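The structure appears below as structure tokens.
The values are calculated or read from the model by the stated rules, or taken from the named source; none is laboratory data. The structure displayed is predicted, hence computed values, not measured ones. Neighbour counts are summed over all protein chains in view; Cβ atoms, including those assigned to glycine, are modelled from backbone coordinates with ideal geometry.
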Amino acid sequence: MMRPLLCFALLLASPICHADTQLACRLSLEQTRPIRNCLSLYAEGSPKHAIADGTLHPRVTRKLCYDRNDLSLVITEQGYFYVNRKGMVRSTIMFDNGEDYFEQGLARTRQNDKIGFFDKSLKIVIPAAHTFAFPFESGRAVVCDGCVSRAIDGGEHHIMTGGTWGWIDRKGRYHPTEEAAP
């Protein structure tokens, strides 16, 4: 219990951003190079002190490194979060062993077990309405309702199966498709 509190205290007291510190994000303990513009609060007790009501504590926000979109990444026991300089926090789904990336200016979020999309200002632009959604490509995102995740390759990867498939446009309008799931 003392270590998480000590890490959080060091985070608040540190004069530099955390891109190259012990608290910077790594996918594993063996990984030596940290993820850029990321801070790990993946320790018992620290998330409740740092993130509350959709915002990150200002003393933490000032210590973060930001990318060209003024976004940083924070990882907690609850998952991955993008954060802006104002401290606004938006959860994002885990994809390919890391945070979901922005495709065509949008990233995915999960709310009430449904997938929606937000922009780089962290504003929800397509409310969470589908069981799963792929990233946008050519102005469309393939979505499914009622599909389930199935492990393959010994559990290392997952595919979505079953359900009803279609696609949405950038305004979130649903278009059913007769094609089989991807």
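Miscellaneous remarks
- Against the test of being part of a strand (DSSP E or B) and without any contact (Cβ under 8 Å) to a residue 24 or more places away in the chain, the options Ala107, Ala141, Ala128 yield a single qualifying residue, Ala128.
- Test: residue in the stretch 72-91 that is more than 26 Å from Ala141 (Cα to Cα), surrounded by fewer than 18 Cβ atoms within 10 Å (Cβ to Cβ) and at pLDDT below 85: yes
- Of all residues in the stretch 61-101, those that are over 23 Å from Met160 (Cα atoms) and either of a type in the set (Ser, Thr, Tyr) or touching a His at 6+ places or on another chain (Cβ under 9 Å) (or both) total 9.
- Number of residues in the stretch 144-173 that are in a strand (DSSP E or B) and in contact (Cβ under 8 Å) with a residue 40 or more places away in the chain equals 1.
- Test: residue in the stretch 117-131 that is polar (S, T, N, Q), over 23 Å from Arg85 (Cα atoms) and surrounded by fewer than 17 Cβ atoms within 10 Å (Cβ to Cβ): no
- The residues listed here are Gly163, Gly154, Gly139; of these, the one that is closer than 19 Å to Arg110 by Cα and small (Gly, Ala, Ser) is Gly163.
- Scanning the stretch 110-120 for residues that are at pLDDT 95 or above and assigned to a loop (DSSP other than H, G, I, E, B) yields Asp119, Lys120.
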